[in-house]
Amino acid sequence: MSTFKAPKGTYDLIPPQSATYLAVREAIAAPLRKSGYGYIETPGFENIELFARGVGESTDIVTKEMYAFETKGGDQLALRPEGTASVLRAALEANLHKGGNLPVKLWYSGSYYRYERPQKGRYRHFSQVGAEAIGAEDPALDAELIILAVDAYKSLGLSNFRLLLNSLGDAECRPAYRGALQDFLRGLDLDEDTRRRVDINPLRVLDDKREAVQRQLTGAPVLRDHLCEACKAYHEQVRELLTAAGVAFEDDEKLVRGLDYYTRTTFEFVHDGLGSQSAVGGGGRYDGLSEMIGGPALPSVGWALGVDRTVLALEAEGITLDTPAATAVYAVPLGEEARRELFGTVTELRRAGVATDFAYGGKGLKNAMKSANRSGARLAIVAGERDLAEGIVQLKDLVSGEQRAVARDAVVEEVRRALG
Ligand code: ATP
Ligand code: MG
């Protein structure tokens, strides 16, 4: 061990478990790639003001969780706590919305940083794969994103997750609801912070995780009773499209993303095997966000799925992903000259697309064979000087233990055949 440890609230992804993380990222991205989403990558930090406006001044993320810093040049930056604001910023900056081809559909994958109280499933550095569809208001688009997330979870073999769904209304119907909710909340026994939140962002109070708050919320006005006709019709279409696609959901009127620019569809995926950090992903419509960060009106919808919690969900369901062995063939030279020669064969196999590794460091046969077995390889190629002089190598099946001599210049072909 060195003097240093990973910072509090972080952990390293290390083989062989790291292969699962890669596979999860790929599984979430695969349905997006096949549905018209293009890959976008933005910096790990942004001007802090982007998050203040694009995530919201009154959110926990901005008030408590952001890694903010000033650069030597005096810029006020923050490590990204989430992806949507950055992706929208980048899309606007590149004028993607002006190509006459809306919606602009983008997906991303990366690291996010929040100064949180670390616990299982809640880290200070974590990974998300996300998707955003920018510049179109169409219930089919909301449904598409939800279906793609469900398909991703299913492709991983997950089944113990639920989709919670709600509509937050829009600029027409939400203000009246907001007022009614504020009236209700002002009659409750709440601490000072929460009372302030009632003024700035009352919907967010519905999302308060504390029992003492939740208890008082029984009988709170619900948005469903206040939705305007257009929002009702929109939401009904999303629900119908999901049902037609065989996607089950639960209506959850307490599910909020309580910012003024979040509108209509909002949803969260929860997994029932994760204890209190049960949210594996979430998203929704954010029709007002573009204007909040100085862009034109661009109704949009997106989600972000947590990679770390998806891996925990796999563990909770006892699912081991079928990640292909990193090494298919392991080459073991016997002696110095064989070493040089066989290394050439290794390169040849690699160039032919066969995952191959080599017994480095001049180990003896016994140790080298141990390494071969540990590598997960199906085949070992063993060769001494005498074999090579005869133009052959020994091809050993590490599962059956069978061994036979094959011509050295036919080794790629023989290996391919043996691997099937
Ligand atoms: P929570 O209510 O658990 O704090 P959140 O609402 O802050 O979640 P989002 O901002 O919607 O989460 O992020 C989307 C997903 O990213 C979450 O569903 C979760 O899977 C993951 N995520 C968020 N914060 C963390 C974290 N600190 N550590 C690990 N994963 C996280
Ligand atoms: Mg959070």
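Within the range 60-84, residues that are modelled with pLDDT under 95 sit with their Cβ atoms under 6 Å from residues that are β-branched (Val, Ile, Thr), at 6+ positions apart or across chains, in these pairs: ILE61/VAL55; VAL62/VAL55.
Suppose we keep only residues that are out of contact with any strand residue (DSSP E or B) (no Cβ under 8 Å at 6 or more places or on another chain) and within 16 Å of ligand 1 (Cβ to nearest atom) within the range 58-93. Which one would you say is nearest to ALA304 (Cα to Cα)? Only one residue fits best here, namely ILE61. The residues in the range 278-337 that are within 14 Å of THR20 (Cα to Cα) and open to solvent by less than 20 Å² (accessible area, probe 1.4 Å) can be counted, and the count is 7. Within the range 22-59, the set of residues being among the aliphatic types (A, V, I, L, M) and within 15 Å of the chain's Cα centre (by Cα) comprises LEU22, ALA23, VAL24, ALA27, ILE28, ALA29, ALA30, LEU32, ILE40.
Inclusion of LEU321 among residues that are away from ligand 2 (no atom under 16 Å from the Cβ), outside any strand (DSSP E or B) and more than 23 Å from the chain's Cα centre (by Cα) is not warranted. The requirement of being out of contact with any helix residue (DSSP H, G or I) (no Cβ under 7 Å at 6 or more places or on another chain), under 26 Å from VAL62 (Cα atoms) and more than 14 Å from ligand 1 (Cβ to nearest atom) is satisfied by ASP191. Would you check if GLY318 is modelled with pLDDT of 95 or more and on the phi > 0 side of the Ramachandran plot? Answer is yes for this residue.
I need a count of the residues in the range 240-276 that are within 16 Å of ligand 2 (Cβ to nearest atom), farther than 25 Å from MET292 by Cβ and either in a strand (DSSP E or B) or open to solvent by less than 20 Å² (accessible area, probe 1.4 Å) (or both). Residues that pass the stated criteria total 3. In the set (1) open to solvent by 30 Å² or more (accessible area, probe 1.4 Å); (2) over 41 Å from the mean Cα position of the chain (by Cα); (3) hydrophobic (A, V, I, L, M, F, W, C), ALA410 fails one condition alone, (1).
Among (1) more than 12 Å from ligand 1 (Cβ to nearest atom); (2) closer than 30 Å to LEU206 by Cα; (3) part of a helix (DSSP H, G or I), which single condition is LEU163 missing? Result: LEU163 fails condition (3) only.
The values are calculated or read from the model by the stated rules, or taken from the named source; none is laboratory data. From a predicted model like this one, the values you see are computed outputs, not experimental measurements. Positions of Cβ are backbone-derived with ideal geometry, glycine not excepted, and every protein chain shown enters the neighbour counts. All accessible areas refer to the heavy atoms of the entire protein, side chains included, with ligands and DNA or RNA removed. Shrake-Rupley method; radii C 1.70, N 1.55, O 1.52, S 1.80 Å.
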